[in-house]
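J.: Can you read through this structure? Questions will come right after.
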Amino acid sequence: MKALFFDLKNDGHHFFYNHNVMKLQGVDTKYYVTSNSIENEKEELLNNDGVTVVKIKALASNNRIIRMFSELLVLFKMRKMIHKLNIDVAILLYLDHIIIPLYMLQVFLPVKSKLIATLHWFPNRSSKLKLLKKLSDKGLRVIVHTEDVKKRLEAAGINNVELVYYPTLKTSSIDKLTAKNKLNLKLVKEYKTILYFGGTRFDKGVDILLDALEKVNSSANIIIAGQEQTFKREFIEEKLSHLANKNVVLNLGYVKDEEVELYFKSSDIVVLPYRKIFNGESGILTEAINNKNLVVVPNIIHFPSVVSKYSNGVIYEAENIVDLGEKLQYTIKNIDVFQSGIDEAFEDYKEKHSIKNFIKNYEKIIIKGK
């Protein structure tokens, strides 16, 4: 069997998921079509795994029309490769941003090979949802990472949807002090540590967290770690300067895979200050559970069901600064109450979200067609 994997994104921990998908067994020849900006070390890693990397130049633009045209052109190039190389199955690893150009391609120059695509978010626009249904009706199989997204797609009439849980990064038995020292974090030993992890995108709500922390009276360590995106360093530093009784660590930039566990292991509480528009899986929640952190989550999508099931954290009203502040205050004072729930969630997630199961489930869908 010949398989072609497609994704123009390799930033953040995106590549971690893609790389593991491409480790599946039972495929004789593997191609990875991606942006020509892929780092040399990532390309070498794939080559060592028997994956041939094909780099395509994609036009970056803030103009929506230009960007869509560029995506359509890239998909057309991918289609030519599929037919030229007699590819049996093509796997689009990030469907979310290419639903419209993919539909246009399938209408005018359809890909004849089996087509599978991973959708990370439920489409926010009804027009995209309608096009996704039409693609599904034409044979596209969709992989999602949460039961919530799967149910919502099925309610919209999209039935060939498969659920594959996000994998967790590998964890070790490293203790809190060692993790903190490896990262050279200046934390106050007597304080509980609150972690915001991930990019500072608008939908992830770091600004909401910064305002909510002003409502927290207890002393605490605050770690903000991730790539600088919508909210810039100057804005975050200005907000942090108003906090009383808080020891702050601000590390903006790419976090290496081997450092991810260390941030979670150094922390007690992981907070997701996400806005209501967030509607996909959160790798941060998965990693928090995998590292036995107490979680503070908004009452959106599947987050409340996770916390209600395990009692491993608290739920606050999304975008409510006062409520988030009160819930953070409560968790700092009552963290020991949640320990049994934290342990139960860890044991359940350990198997369900293992890398082994992640690869095996993709294998079933891609190779066995189940």
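The values are calculated or read from the model by the stated rules, or taken from the named source; none is laboratory data. It should be emphasised that the depicted structure is a prediction, and the values quoted were computed from it without experimental measurement. Note: ideal-geometry Cβ built from the backbone for every residue, glycine included; neighbour counts use all protein chains shown. All accessible areas refer to the heavy atoms of the entire protein, side chains included, with ligands and DNA or RNA removed. Shrake-Rupley method; radii C 1.70, N 1.55, O 1.52, S 1.80 Å.
J.: Answer with yes or no whether S219 is modelled with pLDDT of 95 or more and among the hydroxyl-bearing types (S, T, Y). Walk me through it before giving the result.
T.: Numbers: modelled with pLDDT of 95 or more: yes; among the hydroxyl-bearing types (S, T, Y): yes.
Against the criterion (modelled with pLDDT of 95 or more and among the hydroxyl-bearing types (S, T, Y)), S219 qualifies.
J.: Another question, if that's okay. Taking the condition of being open to solvent by less than 10 Å² (accessible area, probe 1.4 Å), among the small types (G, A, S) and under 18 Å from K150 (Cα atoms), how many residues in the stretch 272-289 meet it?
T.: Residues meeting the conditions: 2.
J.: If a residue must be open to solvent by 40 Å² or more (accessible area, probe 1.4 Å), closer than 24 Å to L72 by Cα and under 22 Å from the mean Cα position of the chain (by Cα), how many such residues does the stretch 18-38 contain?
T.: 1
J.: Applying the selection to the stretch 136-150, what residues are under 24 Å from Y274 (Cβ atoms), among the charged types (D, E, K, R) and either out of contact with any strand residue (DSSP E or B) (no Cβ under 9 Å at 6 or more places or on another chain) or open to solvent by less than 60 Å² (accessible area, probe 1.4 Å) (or both)?
T.: D148, K150
J.: Which numbered condition in (1) within 18 Å of the chain's Cα centre (by Cα); (2) over 29 Å from L95 (Cα atoms) is the only one that P273 fails?
T.: (2)
J.: Moving on. Mind listing whichever residues of the stretch 51-63 are small (G, A, S), surrounded by fewer than 17 Cβ atoms within 10 Å (Cβ to Cβ) and closer than 18 Å to N10 by Cβ?
T.: Filtering the stretch 51-63 down to residues small (G, A, S) leaves 58, 60-61.
Those left that are additionally surrounded by fewer than 17 Cβ atoms within 10 Å (Cβ to Cβ): 60-61.
Result: A60, single match.
J.: Taking the stretch 4-26 on its own, how many of its residues are in a loop (DSSP other than H, G, I, E, B), of a type outside the set (A, V, I, L, M, F, W, C) and at pLDDT 90 or above?
T.: Summing the residues that are in a loop (DSSP other than H, G, I, E, B), of a type outside the set (A, V, I, L, M, F, W, C) and at pLDDT 90 or above in the stretch 4-26 gives 2.
J.: Could you check, for the stretch 335-347, whether at least one of its residues is under 17 Å from the mean Cα position of the chain (by Cα) and either open to solvent by less than 10 Å² (accessible area, probe 1.4 Å) or on the phi > 0 side of the Ramachandran plot (or both)?
T.: No, that holds for no residue.
J.: Moving on to the next point. Identify the single condition in (1) surrounded by 15 or more Cβ atoms within 10 Å (Cβ to Cβ); (2) in contact (Cβ under 8 Å) with a residue 40 or more places away in the chain; (3) of a type in the set (K, R) that K133 does not satisfy, given that it satisfies every other one.
T.: Just one mismatch for K133, condition (2).
J.: Give me a count of the residues in the stretch 136-162 that are of a type outside the set (S, T, N, Q) and either in contact (Cβ under 8 Å) with a residue 40 or more places away in the chain or touching a helix residue (DSSP H, G or I) at 6+ places or on another chain (Cβ under 7 Å) (or both).
T.: To start, the set of residues in the stretch 136-162 that are of a type outside the set (S, T, N, Q) comprises 137-145, 147-158, 161-162.
Filter again for either in contact (Cβ under 8 Å) with a residue 40 or more places away in the chain or touching a helix residue (DSSP H, G or I) at 6+ places or on another chain (Cβ under 7 Å) (or both), leaving 138, 141-145, 147-149, 156-158, 161-162.
The number of residues fulfilling the criteria is 14.
J.: Please state which one of N299, N312 is open to solvent by 10 Å² or more (accessible area, probe 1.4 Å), of a type outside the set (A, V, I, L, M, F, W, C) and farther than 23 Å from F16 by Cα.
T.: N299
J.: Oh, and also: Check whether at least one residue in the stretch 213-226 is of a type in the set (V, I, T), touching a residue at least 60 places away in the same chain (Cβ under 8 Å) and open to solvent by less than 30 Å² (accessible area, probe 1.4 Å), and report yes or no. Spell out the reasoning first.
T.: Let us first name the residues in the stretch 213-226 that are of a type in the set (V, I, T), namely 216, 222-224.
Filter again for touching a residue at least 60 places away in the same chain (Cβ under 8 Å), leaving 216.
Next, only the ones that are open to solvent by less than 30 Å² (accessible area, probe 1.4 Å) stay: 216.
Yes, there is a match, as at least one residue in the stretch 213-226 is of a type in the set (V, I, T), touching a residue at least 60 places away in the same chain (Cβ under 8 Å) and open to solvent by less than 30 Å² (accessible area, probe 1.4 Å).
J.: Restricting to the stretch 64-90, name every residue that is within 25 Å of the chain's Cα centre (by Cα) and open to solvent by 70 Å² or more (accessible area, probe 1.4 Å). Let's see the steps before the verdict.
T.: Step one: filter the stretch 64-90 for residues within 25 Å of the chain's Cα centre (by Cα), giving 64, 67-68, 70-72, 74-75, 78, 89-90.
Hits for the stretch 64-90 are R64, R67.
J.: In the list P167, P123, which residue meets the criterion of being touching a Ser or Thr at 6+ places or on another chain (Cβ under 7 Å) and open to solvent by less than 70 Å² (accessible area, probe 1.4 Å)?
T.: Among P167, P123, only P167 is touching a Ser or Thr at 6+ places or on another chain (Cβ under 7 Å) and open to solvent by less than 70 Å² (accessible area, probe 1.4 Å).
J.: Mind checking which residues of the stretch 144-172 are within 17 Å of the chain's Cα centre (by Cα) and over 17 Å from K356 (Cβ atoms)?
T.: V144, T146, E147, D148, V149, K150 - these are the residues of the stretch 144-172 that are within 17 Å of the chain's Cα centre (by Cα) and over 17 Å from K356 (Cβ atoms).
J.: Could you tell me whether L187 is open to solvent by less than 40 Å² (accessible area, probe 1.4 Å) and over 20 Å from the mean Cα position of the chain (by Cα)?
T.: yes
J.: When K368 is evaluated against the numbered criteria (1) open to solvent by 80 Å² or more (accessible area, probe 1.4 Å); (2) of a type in the set (K, R); (3) assigned to a helix (DSSP H, G or I), which criterion, by number, is the only one it fails?
T.: If we test K368 against (1) open to solvent by 80 Å² or more (accessible area, probe 1.4 Å); (2) of a type in the set (K, R); (3) assigned to a helix (DSSP H, G or I), just (3) comes out false.
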